[in-house]
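Peer 1: Attaching a single structure in structure tokens format; questions to follow.
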Amino acid sequence: MMDVANLKAEELIGMNFECECGKRHSVEINSVKIGSNILEQLPEFLKEFKNKKILIVEDVHTYVVAGKKVEEILKNDFSLKKYVFPQEHLLPDVYALGRILIEIEEDTALILGIGSGVINDICRYVAYKVQVPYAIVGTAPSMDGYASVVSPLITDGFKESHKAIYPYGIYADIEIMKDAPMYLLCSGLGDVLGKYIALADWSIANLLTGEYYCKTITDMVQAAVDRCVAAAPRIPERNVEVVKNITDALVLSGITIGMAGASRPASGSEHHIAHGWEIMFHTRNSEEKWVHGNFVGVGTVVMAMVFEALNDIDIESVMAERNFRYYDMNKWTKNIESVFGKVADNVINYKKHAIELNPDKRQQNAEKIAASWNEILHIADTIVPSSERIKKILKDGGCVWHPIELGIDKNLFIKTFIAAKDIRTRYGVVHLIDDLGLTEEIANLIADKLYMQ
């Protein structure tokens, strides 16, 4: 089998091979271009759509940094229609989706998004629904979704990933990407660091539940993370090569989602708590200055602390005390209502059927964890860096790392930590500690450590 672990994103295009994991992996993206003067080459990259209608989707910010120039470059060879979202802080919600469904015309041959996370997610999902290809002109190295096949969307206040499609093309002009606001560069770093937790969670799920796992994909993600971490201290310099390496790592990470058929290699417990924070602030109508990857970066520090805490658990005492056998649904419901307010029912209805209430079955789940305890600790020690290491990477990059910087005080942190397991049913370390009846104990332990600093 070919060695794909150290390939760049552009080298993976058109890849199709039978993997040792038993799956056939393919990358159905026409082109990925990351470098300088990319915009000038768009007519060549999109020549398949020459003289056809392209719907350009952008917002007030991305129109200024790239959209206006893209229109000038494409206007002679393509029939253009555009929609510019007027919102200062656009959300990937039903309003945004509906707006683009109204704008798209029957003879549209391509949707061309100009932006990063939200614009990309909106365009990808609409393209999937109307069966029209889409491409994205990246404006910030802020997240790993450029090459993904899922779109995280907000419905009734609840953020959930929905099936979508690979883009036709990804075009990242580094001269534009490097000048993005610093919090967006930090967002990209935070999203990449989250892969440490995602890969550990995936290994644990494979160990405990037999969930599909691919070593090839894991190696690809790990290599991309390593390249990004090496570049992190130079992020504040806005160095072209550094931003290019980070952008490549982000695109590659997204490609692995399509290869795996799920977001497993890119999203774990760090995303659970991050999505929880995002939903919480959204329901409180808070004008957040932070974006998804910033929340993920802080969530990665928190979950690295959880993995560290596993080493201090006396598993024999936990099994002897058997506190995990009973699950207090009333307490669970009250915590979710306290955190998520008006959208609490959506979270409750999403998760309640996945909670095991039978004491004997809860005992079996705990026994399975106990029997695999040494392997779990090995995964924690070999895949996840120390929380201090994660913190240093973020601080060296000039990025937020503490929940207080996001506007989350100690009491709210404890509540949101407890709720992290309820944002997704996909198994991870937050579910593991819950299966052992230790969620509240570890929430308080980590809060005491974090809020002493």
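Nothing in this text is a laboratory measurement; each read-out follows from the coordinates by a stated rule. None of these values were measured; they are calculated from a predicted model. Using ideal geometry, Cβ is built from the backbone for each residue, glycine included, and neighbour counts are taken over all protein chains shown.
Peer 1: Take each of the peptides 198-206, 395-403, average the number of other beta-carbon atoms within 10 Å over its residues, and list them starting from the highest. Before the final figure, lay out the partial values.
Peer 2: Working: 198-206: 24.6, 395-403: 20.3.
Most protected by this proxy first, the peptides run 198-206, 395-403.
Peer 1: Could you please state, rounded to a whole Å, how far the C-alpha centre of segment 362-377 is from the C-alpha centre of segment 1-35?
Peer 2: One Cα centre to the other: 35 Å.
Peer 1: State the answer as a single residue: which of Asn51, Ile136, Gln41 lies farthest towards the positive end of the charge dipole of segment 36-180, with beta carbon charges of +1 for Lys and Arg and -1 for Asp and Glu, about the Cα centre.
Peer 2: Asn51
Peer 1: Where both partners of a DSSP beta bridge lie in the chain, what percent of those bridges are antiparallel, to the nearest 5?
Peer 2: So the antiparallel bridges in the chain amount to around 25 percent.
Peer 1: If you put +1 on each Lys and Arg Cβ and -1 on each Asp and Glu Cβ, how big is the dipole of the chain around its Cα centre, in Debye rounded to 20?
Peer 2: 560
Peer 1: Still on this structure, please answer the following. For Met259, Met319, what ranking results if the residue with the fewest other Cβ atoms within 10 Å of its Cβ goes first? Working shown, then result.
Peer 2: Working: Met259 23, Met319 16.
Sorted ascending by nearby Cβ count, the order is Met319, Met259.
Peer 1: Rank these for me by crowding, Asp314, Asp77, going from fewest to most other beta carbons within 10 Å.
Peer 2: Listing Asp314, Asp77 from fewest to most nearby Cβ atoms yields Asp314, Asp77.
Peer 1: Same structure, new question: Any idea what the dipole of segment 185-450 comes to, in debye rounded to 20, about its Cα centre with Lys/Arg Cβ at +1 and Asp/Glu Cβ at -1?
Peer 2: It works out to roughly 560 debye.
Peer 1: With contacts defined as alpha carbon pairs under 8 Å and 6 or more residues apart, what's the relative contact order of the chain in percent?
Peer 2: Once normalised by length, the contact order is 16 percent.
Peer 1: Also, quick follow-up: For a test of the definition: using alpha carbon positions, the gyration tensor, and the 1.5 limit on a/c, classify segment 334-453 as rounded, prolate or oblate.
Peer 2: Values: a/c = 2.17, a/b = 1.18, b/c = 1.84.
In terms of gyration-tensor shape, oblate.
Peer 1: Which three extents, in angstrom, do the Cα atoms of segment 36-180 have along their principal axes, listed largest first?
Peer 2: 41, 36, 26
Peer 1: Pairs of alpha-carbon atoms within less than 8 angstrom and 6+ residues apart define the contacts here; what relative contact order does segment 1-102 have, in percent?
Peer 2: 21
Peer 1: Using Cβ contacts closer than 10 Å as the measure, can you line up Leu412, Leu55 from fewest to most?
Peer 2: Placing the least packed residue first, the sequence is Leu412, Leu55.
Peer 1: Distance between Cα centroids, segment 222-293 to segment 302-338: provide it in whole Å.
Peer 2: What the calculation gives is 28 Å, centre to centre.
Peer 1: Can you tell me what share of the DSSP beta bridges in segment 36-180 is antiparallel? A percent to the nearest 5 is fine.
Peer 2: Values: 6 of 28 bridges.
Close to 20 percent.
Peer 1: Show that you can apply the helix-only estimate: for the chain, add -39,500 (n - 2.57) for every DSSP H stretch of four or more residues, divide by all residues, and state [θ] at 222 nm to the nearest 500.
Peer 2: -15500 deg cm²/dmol
Peer 1: Oh, and also: Would you work out the relative contact order for segment 36-180, in percent, from Cα pairs under 8 angstrom that are 6 or more residues apart?
Peer 2: Numbers: 281 pairs, mean separation 35.7, N = 145.
Averaging sequence separation for qualifying contacts and normalising by length gives 25 percent for segment 36-180.
Peer 1: Round to a whole angstrom and tell me the spacing of the C-alpha centers of segment 79-151 and segment 191-214.
Peer 2: Rounded to whole Å, the Cα centres lie 29 Å apart.
Peer 1: Set the Förster distance to 41 Å, then compute FRET efficiency between Asp226 and Asp314 from the Cβ-Cβ distance, nearest 0.05.
Peer 2: 0.75
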